[in-house]
Amino acid sequence: MNMDKLLTLIIPTYNMERYLSTCLDSLLVGEQQAQLEVLVVNDGSKDSSSAIAHEYMERHPETFRVIDKENGNYGSCINRGLKEMTGKFVKVLDADDHFNTDELRKLLQKLATVDSDLLLTDNTIFGDNDISKKYYGFPFTPEVEMAFTDICGKDEFKGCIQMHHVTYNRRIFEGFSYHQTEGISYTDMEWIFLPMSRVATVTYLPLPLYCYLVGREGQTVAPQQMKRSAEHQAILVNDLLTHYEQADKSKPAICDYLNFRLARQVKYLYRIYLAEFPGMDCDKLVQIDQRLQQVHPALYEEVGRRTMGPFIRIHYVRYWRRHGYAAQPKYFYTLFNAYNKTLNFTKKLLGIYNV
């Protein structure tokens, strides 16, 4: 390990020429530059992303390194970055996002004195589509090392944690064959799942570091992209079930965390297939449903009790199971989407956003 490098940033990059310069500019920290390692993992981009990244490497060879590889999607970039990192800590930064540079300088100063398995920092969201800048943090005592089991079961952690908040100590990955799913999107969910089962200590640093872009055209959280990528979500859930089987669940608090995160992703998958988008091929969902019954019967029953909302008491998953996995009635989708539009409109009026 290069002890001079306090932090390795892994930046998965695919056709991000519009955003990459903003991202990389935010990592120019002056005198602290030598403490930072930036791995721009170019995932077979067809635009000028690689050329842009190489310009930064030429100007700041002590910090930036470009890894050009064939396309393998998001997880393959994380896997490659983990193999090549040399820093004491590691964090992921998406190429269409950026850091608050002043907060990055502060983080590097803190990294010289902390040694927890997990560091939590804050984030802001920004974007065009009528989404104002908003700040997200944690209600934990700052700069005090805590036992992970004391916080991981709390709603303010397990319900709010995103990859944007997470910096891992590299020792988490030593002697641990962590492999993020390749060839699909949305695998940032894995980054806050299986590695968490190995965390013992955590320190919260209230630094609004990560600036997360929402509303970008083609973003993987956009509704139409979600419909096209439902198969990716199914693969992800299958792999999360595998991760769940592999994880050390001997500590109740960590088990509670894993159960919560798994349940959230599983419920989301059923919602996509059975309530949001009609006419989808549900063969993969059938396989997952049958596997879930074997691997996690409690979650299987919990999913069956799902309704479309507090005012639409239709148990749509149970209905689907009882009717031999037949296609759902079309009015289910109409009801659910009408309810969803009303809910989102209300949230917008109240200034509440899902991220």
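The values are calculated or read from the model by the stated rules, or taken from the named source; none is laboratory data. Everything numeric in this text was worked out from a predicted model, so none of it was measured. Note: ideal-geometry Cβ built from the backbone for every residue, glycine included; neighbour counts use all protein chains shown. What goes into the accessible areas is simple: the full protein's heavy atoms, side chains included, and nothing from ligands, DNA or RNA. Shrake-Rupley method; radii C 1.70, N 1.55, O 1.52, S 1.80 Å.
Restricting region 14-25 to residues that are touching a helix residue (DSSP H, G or I) at 6+ places or on another chain (Cβ under 7 Å) and either in a strand (DSSP E or B) or open to solvent by less than 10 Å² (accessible area, probe 1.4 Å) (or both) leaves a set whose member that is nearest to Lys88 (Cα to Cα) is Leu24.
Of the residues making up region 303-339, just one is in contact with an Asp or Glu (Cβ under 8 Å, 6 or more places away or on another chain) and more than 11 Å from Leu274 (Cβ to Cβ), namely Asn337.
Does Lys330 count as loosely packed, with under 14 Cβ neighbours inside 10 Å and either modelled with pLDDT under 95 or not small (Gly, Ala, Ser) (or both)? Here the answer is yes, as Lys330 does meet what is asked.
Only residues that are open to solvent by 20 Å² or more (accessible area, probe 1.4 Å) and of a type outside the set (Ser, Thr, Tyr) were counted across region 81-102, and they come to 8.
Scan region 301-323 and give yes if some residue there is free of Cβ contacts under 8 Å to residues at least 60 places away in the same chain, open to solvent by 20 Å² or more (accessible area, probe 1.4 Å), assigned to a helix (DSSP H, G or I) and within 26 Å of Glu156 (Cα to Cα), otherwise no. Yes, some residue in region 301-323 is free of Cβ contacts under 8 Å to residues at least 60 places away in the same chain, open to solvent by 20 Å² or more (accessible area, probe 1.4 Å), assigned to a helix (DSSP H, G or I) and within 26 Å of Glu156 (Cα to Cα).
Within region 274-295, the set of residues being among the small types (Gly, Ala, Ser) and not in a helix (DSSP H, G or I) comprises just one member, Gly279. With the condition kept exactly as written, say whether any residue in region 4-13 is over 23 Å from the mean Cα position of the chain (by Cα) and not in a loop (DSSP other than H, G, I, E, B). Taking every residue of region 4-13 in turn, none turns out to be over 23 Å from the mean Cα position of the chain (by Cα) and not in a loop (DSSP other than H, G, I, E, B).
Condition (residue is more than 17 Å from Glu17 (Cα to Cα), buried (at least 18 other Cβ atoms within 10 Å of the Cβ) and either free of Cβ contacts under 8 Å to residues at least 40 places away in the same chain or within 21 Å of the chain's Cα centre (by Cα) (or both)) applied to region 48-63: is it met by at least one residue? Looking for residues that are more than 17 Å from Glu17 (Cα to Cα), buried (at least 18 other Cβ atoms within 10 Å of the Cβ) and either free of Cβ contacts under 8 Å to residues at least 40 places away in the same chain or within 21 Å of the chain's Cα centre (by Cα) (or both), one finds at least one in region 48-63, hence yes. Just one of (1) in a helix (DSSP H, G or I); (2) crowded, with 16+ Cβ neighbours inside 10 Å fails for Glu231. It is (2). Of everything in region 156-178 that's open to solvent by 30 Å² or more (accessible area, probe 1.4 Å) and in contact with a Phe, Trp or Tyr (Cβ under 9 Å, 6 or more places away or on another chain), which residue is farthest from Leu9 (Cα to Cα)? Applying the filter and picking the extreme gives Glu156. All conditions in (1) out of contact with any Lys or Arg (no Cβ under 6 Å at 6 or more places or on another chain); (2) open to solvent by less than 40 Å² (accessible area, probe 1.4 Å); (3) not aliphatic (A, V, I, L, M) hold for Glu145, with the sole exception of (2). Is it fair to say Ile288 is at negative phi, touching a Ser or Thr at 6+ places or on another chain (Cβ under 7 Å) and open to solvent by less than 60 Å² (accessible area, probe 1.4 Å)? So Ile288 fails the test.
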